[in-house]
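Notes to accompany the following structure.
We did not get these values from a lab; they are worked out from the coordinates using the rules stated. As the structure is a prediction and not an experimental result, all values here were calculated from the model. With ideal geometry, Cβ positions are generated from the backbone for all residues, glycine too; neighbour counts draw on all protein chains shown.
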Number of protein chains: 4
Amino acid sequence: MLRVGLVGYGYWGPNLARNFNSNPDCNLVRISDISEKRRKLAAQTYPHAEVVADTNLATATDLDVIVVTTPVFTHYQLAKAALENGKHVWVEKPMTSNTDQARELVNLAESKALTLLVDHTFLFTGAVQKMKTLVDEGVLGDLYYYDSVRINLGIFQHDINVIWDLAPHDFSVMDHLLGPSARAVAAHGCGHFNTGLEDVAYITVFYDSNLLAHLHLNWLSPVKIRRTVVGGSKRMLVWDDLNPEERIKIYDKGMEVTTREGLYHVLATPRVGQMYAPVVPDVEALKNEVEYFVKCIHTRQKPVNSGEAGLRIVSLLEATDKSLAASGKIIKMN
Amino acid sequence: MLRVGLVGYGYWGPNLARNFNSNPDCNLVRISDISEKRRKLAAQTYPHAEVVADTNLATATDLDVIVVTTPVFTHYQLAKAALENGKHVWVEKPMTSNTDQARELVNLAESKALTLLVDHTFLFTGAVQKMKTLVDEGVLGDLYYYDSVRINLGIFQHDINVIWDLAPHDFSVMDHLLGPSARAVAAHGCGHFNTGLEDVAYITVFYDSNLLAHLHLNWLSPVKIRRTVVGGSKRMLVWDDLNPEERIKIYDKGMEVTTREGLYHVLATPRVGQMYAPVVPDVEALKNEVEYFVKCIHTRQKPVNSGEAGLRIVSLLEATDKSLAASGKIIKMN
Amino acid sequence: MLRVGLVGYGYWGPNLARNFNSNPDCNLVRISDISEKRRKLAAQTYPHAEVVADTNLATATDLDVIVVTTPVFTHYQLAKAALENGKHVWVEKPMTSNTDQARELVNLAESKALTLLVDHTFLFTGAVQKMKTLVDEGVLGDLYYYDSVRINLGIFQHDINVIWDLAPHDFSVMDHLLGPSARAVAAHGCGHFNTGLEDVAYITVFYDSNLLAHLHLNWLSPVKIRRTVVGGSKRMLVWDDLNPEERIKIYDKGMEVTTREGLYHVLATPRVGQMYAPVVPDVEALKNEVEYFVKCIHTRQKPVNSGEAGLRIVSLLEATDKSLAASGKIIKMN
Amino acid sequence: MLRVGLVGYGYWGPNLARNFNSNPDCNLVRISDISEKRRKLAAQTYPHAEVVADTNLATATDLDVIVVTTPVFTHYQLAKAALENGKHVWVEKPMTSNTDQARELVNLAESKALTLLVDHTFLFTGAVQKMKTLVDEGVLGDLYYYDSVRINLGIFQHDINVIWDLAPHDFSVMDHLLGPSARAVAAHGCGHFNTGLEDVAYITVFYDSNLLAHLHLNWLSPVKIRRTVVGGSKRMLVWDDLNPEERIKIYDKGMEVTTREGLYHVLATPRVGQMYAPVVPDVEALKNEVEYFVKCIHTRQKPVNSGEAGLRIVSLLEATDKSLAASGKIIKMN
């Protein structure tokens, strides 16, 4: 039985508390939050857990796992202390504020043989797992483009811009589906509230083989959209995460390239075929992810969303910031 | 009664023929097309019109108006000949293949006091006219961003890329709504069929006052989307041109900027309000545009979609091509 | 070449005029309408056709076909005169105001060996033809129910209620898909404007083998819906006629009946499978129907939407009226 | 602090457990379920609560409230025992299997001065509360019709048909919005699995003043729809419970009745106006309902969803069954 301490009972913390509490291999021993109001909520819901104000759970001897779900700039210190004290760590995305911090945590977990998982929840959804299978089995053919729109009326956070808030979702899915081979990044964006933080951003990620990925991230959209379109040489795909009954649609459509020439003639004509929406299991991703985390700890398996994966995502975020600061200059990944 | 000759009975020509034929102030005298098959179709539908293969209608003495709806690279020659022979000209978008040609046509029409209209049909839709009123009356407040997605499985054309095919629609609406003050353009894109032509493109247009416009244009999308989101300081707007019952939605939403600070605190919180969909008259834009063209000829009024407007659109297209060729470099408009 | 005379240039007439005019085997010789305004419109669009006020085209010797697209109560007289004078007849739906009239027209066409077609346009859409194939090939299995919602903010007509206006569409599709074996009809409805005409109606049609069909017809709906759901033992289907990209969806879903019993246990559990949207050709149904009409005349083939089919639809309408008048009593078809 | 015992930890029980556990005025003391598997789940999630197999919690002296969330046929016995032992009762919908049982519970609660609440959750949603305000304030004008579609691929239950499963939702909303004055009921339906239970049903409910309500209930639909349309003389409304961003839409549409007559002339023409979607608070209805229940107990206020309301819903269900058994005969409510 893993003894779990959770730091941060704000926006996402209650979901983690609920899932760790319901997992039959975990004991939710302690919840920490600096806000008295949130501590009250935690205590009412989990009367059997200890609820404390001190966020330093790392040195407690009655804990095996530290779950870090606090603002980004605190991730590094909290995770580092936990690893140094021999605890397995679950840390929210983005992993850290920069790549140096992320690299240090990766090395620390490696040297201590501890499990370090970055909560890229989307990898545990039925939709992303279905897409992973489709891409890996070649159902889409060669990939042409990956276009994601992730926009809504957002809650501004004072320490990160819209990119650090939303792009980790896309970057982690892209890392999973397209591989870790992003070649370069370019970004444009703007902020409108004198905070120095972008609230609208467009990011282009360049891959080899003419594959282009593009993200539209926006905290100022009146409508909520979560839609990714993936074009391939054989088939195309739409992932609409807000359409629970048709989350993934696969289109047997594409282009037939013809060689006939002549005035008015077209070079490529649309090939129209049927669409199908496969069954996408409607599981709670977080429940699966917690079970997977427990399994990784027990089997010493490295998670797919390990610290290394988290580091790659932070690298992309850093490159994006650099491009933004340089008016959209293309920043090469190394 | 204006005597009308139409050159080009391909994709768009039949719509123009139908509307000029139905207009009580026009006589559809002659239709020209180089394809025998299309000439047969024209003759069956308009038995009272003369149908010819020769595209040179400019010198005919029984015509007052030449309608040019042929491939882009032929626009300049056909329109020039028509103007030189004293005919009023309706030319399809984009006006010409480059700005030099466009400028020459503008000057020619000016010096001959002839009406030159570029068919930017969208300006005559109920939706764009409603948006124009909303923007001009300040209903949206200061504009923050303009985001357009115009994607579908397209018919590739051998003489123009996806930008020259689709961007004229957006550029003309932006020119109308945001004004002719675009400051700079940057673009990324790629092609997948060894034609040298982009089939996927992302364009960012920079305006003063922190207003950003962005277009996603795509011939390889399995789904057809025609959606523009406009964010303003007071209200936000969605124009979904494929939703005839709710083409325009106005959201009384935005951000309340607060100054309180502190760990975890947000700087701006969403202001949620009602949405409303105003009545958008369901007129045929082309019918209105033909009536407007006739009126401009009779009153010697300069059309809102004059040659000058057409030239501005071609300038944006040229700048976009330049940025694409320079890997997304920001190209200033002058 | 068939010489065509068209009576009625109101709501639907212009569509028929356009399609008969474009058909290479037809000459649109004459258009008749009692309204001067509509005659002007017709004359402007078809300068080569004769436009007259007299609706009696039946005795003209220069016509082979009479197209009747006038108010329902005039269909019988106009069609009868045309048949008696040896003309083939295309008549709008519903065929006549009652079954006696319809039967007389059927007999007249039969005895004169003339083609009589009732314009049940939906039978010529790609969607209905696709559904016909699916049902006939057993893709859906045994049919369980047929549910249609056909509602919008309607234009009230002074001579017919919402049922005579909208139900012919559903009844003709049901006649085509489910066969002519409707066993009984029951209906509820109400009117709200002291016209004596229902504006909201619900109709249940009983078939053998536990198949239930149900229609919701409504002229007072703020939203336009055209959606039919068909449940079968093997698969289920949704036909959404306002969704041009996914007009037909086929669901590999159903119920697994199990025999295990016991407190809390279910008797049948949902079988979830994929959905697919087949390619539905986006043709203009009316164009196809006109071509089919011409072919039927030339080959003396009886149309699928013959007078007999039109009579069956009128029978269902009559039975519905009877049930309405008797507070929803079940009326048997004979 | 109210001490709460919950009977039934199946489909809906966990939601009630979670909300009673989180309510600051309640202690979730005991959970009972006959299934060992479900008891394990309950114990893992609520380690501080006692979890037992015996469903007889009524005689326990350490409980103030009994929550009954078991199959319908057990409601009467469990609620009766609880009331007889002086406990306040929360019982799931439908309240009981017949009106006799419901009436007895109402009288028992009355004579013992105990709070008896039937869980008609929808009354506590932001959507229904918004509609209640709109109807009561006359925003819709006189009501013309109430049309609800509540269909999905359902889990068959062995003790009740689709009507007893789904209609309580609609009947309780209708009772709340339209008042308790339903005049009569008629129903058609059919079952397809030899269970003697209907899986598809259509119910018409007649009110005074020409107001018609109609329900489509269906366990065999491949798509999930939860949509109610309400037509009024001034405005119309659509409640789409699956569209969280536009749950309620109000249409400023209707009919203008004109008196001009004449051939082809219409008697009523559509009045088209704007649509607006008011802000509908996105609260968890069950949380609100539990708070309301606690308040009713403390203030001895009779809940809006009291036993009397529950009885009216069961009366409508009984009448529907009677009509079904009599082939759709109209059954008068008394």
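So here's what we get for this one:
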quantity	calculated
Degrees, to the nearest 10: A:36-45 long Cα axis against longest axis of chain A	90 degrees
Cα pair distances exceeding 59 angstrom across the protein assembly as shown, given as percent	23 percent
Approximate shape of the stretch D:118-261 as ellipsoid semi-axes (Cα gyration tensor, √5λ), whole Å, largest first	28, 18, 15
Scattering curve values for chain D, log₁₀ I(q)/I(0), Debye with Cα scatterers, q = 0.08, 0.09, 0.14 Å⁻¹	-0.42, -0.52, -1.18
10 Å Cβ neighbours from other chains, averaged over peptide A:190-201	4
Longest to shortest principal axis, alpha-carbon extents of the stretch C:1-114, angstrom	39, 28, 21
C-alpha center-to-center spacing [the stretch D:68-101, the stretch C:1-59] in angstrom	71 Å
Positive-end residue of B:L177, B:L140, B:A127, charge dipole of the stretch B:121-208 with Cβ unit charges	B:A127
Relative contact order for the stretch B:1-100, counting Cα pairs under 8 Å that sit 6 or more residues apart, in percent	28 percent
Cα centre as origin, Lys/Arg/Asp/Glu Cβ charges: the protein assembly as shown dipole, Debye	0 debye
P(r) histogram, all alpha-carbon pairs of the stretch D:286-334 included - 5 Å bins from 0, percent	5, 19, 18, 14, 11, 9, 10, 9, 4, 0
Under 5 Å, built H, 5+ apart or other chain: amide partners of C:G232	C:Y144, C:L237
Label 7 Å beyond Cα on the Cβ vector: C:K302 copy-to-copy distances, nm	6.7, 7.0, 7.6
Convex hull of Cα atoms in the stretch B:105-192, direction-averaged projection (nm²)	8.6 nm²
Size of electric dipole in chain B: Cβ of Lys, Arg +1 and of Asp, Glu -1, about Cα centre, debye, nearest 20	200 debye
Chain B residue with Cβ closest to the axis mapping B onto D, distance in whole Å	B:Y276, 2
Spatial separation of Cα centroids for the stretch D:190-249 and the stretch A:159-227, in angstrom	42 Å
Taking the convex hull of Cα positions in the stretch A:94-135, its mean projected area over all directions (nm²)	4.0 nm²
Packing-based ranking, highest mean first, of D:233-245, B:114-126 given that Cβ atoms within 10 Å are counted	B:114-126, D:233-245
Rounded to the nearest 20 debye, dipole of the stretch B:118-208 from Cβ charges on Lys, Arg, Asp, Glu	100 debye
Neighbouring partner chain Cβ atoms per residue of B:208-214, average, 10 Å criterion	3
Given B:K40/C:K112; A:K329/B:K249; A:K112/A:K332; A:K234/C:K249; A:K249/B:K130, the pairs whose alpha carbons are separated by over 24 Å	B:K40/C:K112; A:K329/B:K249; A:K112/A:K332; A:K249/B:K130
Percent RCO, i.e. relative contact order, over chain C, from Cα pairs under 8 Å lying at least 6 residues apart	18 percent
D:D136 paired with B:D100, simple spin-label distance in nm, labels 7 Å along Cα-to-beta-carbon	7.5 nm
For chain D, calculated [θ]222 nm from helices alone, where every DSSP H run of n ≥ 4 adds -39500 (n - 2.57)	-10000 deg cm²/dmol
Exam field: D:K287 pseudo-label spacings to other copies (7 Å along Cα-Cβ), nanometres	2.0, 5.2, 5.6
Over the stretch A:1-51, relative contact order from alpha-carbon pairs under 8 Å, at least 6 apart, %	38 percent
Angle between chain D longest axis and helix D:126-136 axis [Cα atoms, degrees, rounded to 10]	50 degrees
Nitroxide proxy distance, nm - points 7 Å out along Cα→Cβ at A:Y11 and C:E110	7.4 nm
Label zone at A:Q274, where the point sits 7 Å out along the Cα-to-Cβ direction: the stretch C:200-235 residues whose backbone N lies under 14 Å	C:235
By average C-beta atoms within 10 angstrom, highest first, the peptides B:273-285, A:187-199	A:187-199, B:273-285
P(r) of the stretch B:48-116 over all Cα-Cα pairs, binned every 5 Å from zero, in whole percent	3, 18, 31, 25, 14, 6, 2, 0
Label-point separation in nm, C:K234 to A:S181, each point 7 Å along Cα→Cβ	4.4 nm
Diffusion constant of the stretch D:178-288 at 4 °C, which comes from Stokes-Einstein with the Kirkwood Cα-pair radius and 1.567 mPa s, µm²/s	73 µm²/s
Radius ratio Rg over Rh of the stretch A:1-63, counting only Cα atoms, Kirkwood formula for Rh	0.92
Copies compared at C:S209 - label distances in nm, ascending, label defined 7 Å from Cα in the Cβ direction	4.7, 5.0, 6.7
Unit charges at the beta carbon, dipole of chain C: most positive-side option, C:V162, C:L212, C:G8	C:L212
Peptides C:40-52, A:170-182 ordered by average Cβ neighbours within 10 Å, highest first	A:170-182, C:40-52
Degrees, to the nearest 10: A:162-177 long Cα axis against longest axis of chain A	70 degrees
Shielding by partners - mean other protein chain Cβ count within 10 Å, residues of B:221-230	6
